[in-house]
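The values are calculated or read from the model by the stated rules, or taken from the named source; none is laboratory data. Model, not experiment: these values are computed from the prediction. We place every Cβ from the backbone using ideal geometry, glycine too, and count neighbours over all the protein chains shown.
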Amino acid sequence: MTQPSIFRWQGQHNDKRSARTFKYTDWTALLKEAQVLNGGRLCVFDGPYHAGGRHIVRRLEFIDTGQLWLVRIPILPASSTSDQNEILKWWTAERRFTMESEIATMKFIAKSTDIPVPTIFGHRTSIDGNPIKLPYMLMQCIRGNMLFDLGGPGILTGEQKSRIRKSIASIQYQMATASINKLGSLVLGPNGTIDIGPLPASFGFEGPFTSAADYFLSWAAHAKFGNLDFLHGRVEDDDDRVRSLKRAVISFPPRLRSAVEKRLSRNPTAYENRYPIVHRDFLLHNILFDDTYNIVGVIDWEFAHSAPLEVFTALTNIYSCFDPKTLHAITDRDDEGRQYIKDVMHEEEDIRQGCKLSKTFGSILGDIGLCMTYFEEGRAVLFGKLLDRYESETIEIDPNSVEPQTK
């Protein structure tokens with residue numbers, strides 16, 4: 001496999017916050033930490049730091065072998081100073097949980113699939129007693145670039161698009177089959193083990209659950225709309241459309257809870273199932289390519305958790321488009337989308353008894369999962385129309401027809 005001769009990372013989010021984070025970090029201590037973790041080998045920094053939306057990253061090169069590692073550090077908030085007590089307040093138990101869960105998820109995916117995720121060499125998720133002064137991960141530096149740093153999708157040939165699409169279908173299918181038996185987040189256990197813990201903050205850190213119904217009920221009990229300015233705007237300035245949207249936002253969680261409870265009352269039996277791990281930002285900016293457009297890495301597993309298969313399918317299909325008017329995921333909006341479904345079906349043919357991922361594309365539970373994401377992100381749509389459709393359909397909340405295999 002050809003690897004790029006140079007990194008083309010742009011660091012699109014370099015700003016005052018990332019600069020403050022860079023200045024606060026003890027980089028000398030970090031080099032010493034990496035040296036200890038790698039058997040005493042000397043290392044130096046390879047190039048400047050780069051900033052994403054939530055982290056800064058910096059490459060380290062080991063002098064004798066040329067091996068590259070990457071350090072990732074969370075970006076300090078805009079209001080922070082260099083006062084350690086203030087930074088300790090910012091680094092909440094929730095943030096630490098998210099970081100540790102991501103580490104556990106990456107280790108699980110690496111062990112259970114052939115998906116190329118960075119190997120974790122070391123980490124500190126606390127600030128107390130941390131010589132670097134901020135939490136960090138030291139991991140494998142994958143020699144790859146985002147597609148946008150290579151020129152973007154517009155420069156691809158038909159053959160290159162097809163190869164990328166088939167590779168992404170394989171990755172989505174592998175994620176679907178690397179499932180666990182509960183709905184929750186993966187967490188680090190004692191002695192390096194990986195356990196199943198509660199779902200993320202949007203679910204109130206409840207769980208883990210064995211029932212898909214509990215997944216939706218937990219979210220409905222704790223969901224917070226991501227745009228309070230929209231909800232709290234002056235009522236007298238609202239037109240009929242805005243008022244309808246506000247009512248739809250406010251009523252969505254309780255209506256979802258009521259709809260699930262009604263369906264559960266008609267089918268009270270809770271089935272134990274298998275639930276795949278959802279990469280919550282599975283898009284092109286978190287996929288790394290070499291110079292010939294082979295996929296060499298899938299990164300940024302923050303907020304990952306297991307989910308019902310239908311929700312997983314909707315949230316990880318790059319080639320679908322969610323229509324906010326119809327509240328439905330359009331999986332075959334163009335030739336790429338139609339071909340992608342065929343690519344997934346081809347993956348299913350290779351495994352005699354695997355999960356039938358292709359059968360869940362465009363499902364109503366997937367649409368509900370996408371609406372939950374819209375809600376968390378603060379995007380207002382007429383959620384009630386989807387729930388009207390859900391209540392009128394005859395699907396069951398806990399389908400027992402899926403028997404995925406684990407690698």
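Quick look at the values:
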{"read-out": "Residue in region 276-315 that is farthest from the chain's Cα centre (by Cα), counting only those that are among the charged types (D, E, K, R) and under 26 Å from Asn181 (Cα atoms)", "value": "Glu310"}
{"read-out": "Criterion (assigned to a loop (DSSP other than H, G, I, E, B), loosely packed, with under 15 Cβ neighbours inside 10 Å and in the same structural domain as Leu245 (by TED's automatic domain parsing)) met by exactly one of Arg333, Arg379", "value": "Arg333"}
{"read-out": "Entirely in region 13-130, the helices (runs of 4 or more DSSP H) that have 2 or more residues that are out of contact with any Gly (no Cβ under 8 Å at 6 or more places or on another chain) and either closer than 27 Å to Met146 by Cβ or among the small types (Gly, Ala, Ser) (or both)", "value": "16-24, 27-37, 93-112"}
{"read-out": "Residues that are surrounded by fewer than 21 Cβ atoms within 10 Å (Cβ to Cβ), in contact with a helix residue (DSSP H, G or I) (Cβ under 8 Å, 6 or more places away or on another chain) and not acidic (Asp, Glu), drawn from region 279-294", "value": "Arg280, Leu284, His285, Tyr293, Asn294"}
{"read-out": "Those residues of region 133-169 which are in contact with a helix residue (DSSP H, G or I) (Cβ under 9 Å, 6 or more places away or on another chain), within 22 Å of Ala104 (Cα to Cα) and aliphatic (A, V, I, L, M), in sequence order", "value": "Leu134, Met137, Leu138, Met139"}
{"read-out": "Cβ-Cβ under 9 Å pairs, at least 6 apart or on other chains, region 227-246 side farther than 19 Å from Cys371 by Cβ and surrounded by 13 or more Cβ atoms within 10 Å (Cβ to Cβ), far side modelled with pLDDT under 85 and not hydroxyl-bearing (Ser, Thr, Tyr)", "value": "none"}
{"read-out": "Boolean, Arg54 is touching a Pro at 6+ places or on another chain (Cβ under 9 Å), closer than 26 Å to Asp290 by Cβ and either surrounded by fewer than 19 Cβ atoms within 10 Å (Cβ to Cβ) or assigned by TED's automatic domain parsing to the domain that holds Pro200 (or both)", "value": "yes"}
{"read-out": "Considering residues of region 8-17 that are at pLDDT 65 or above and either out of contact with any His (no Cβ under 9 Å at 6 or more places or on another chain) or surrounded by fewer than 16 Cβ atoms within 10 Å (Cβ to Cβ) (or both) only, the residue farthest from Lys133 (Cα to Cα)", "value": "Arg8"}
{"read-out": "Matching residues, region 74-102, being among the hydrophobic types (A, V, I, L, M, F, W, C) and either in contact (Cβ under 8 Å) with a residue 24 or more places away in the chain or over 23 Å from Gly189 (Cα atoms) (or both)", "value": "Ile75, Leu76, Ala78, Ile87, Leu88, Trp90, Trp91, Phe97, Met99"}
{"read-out": "Test: Ile171 is in a strand (DSSP E or B) and either in contact with a Lys or Arg (Cβ under 8 Å, 6 or more places away or on another chain) or of a type outside the set (S, T, N, Q) (or both)", "value": "no"}
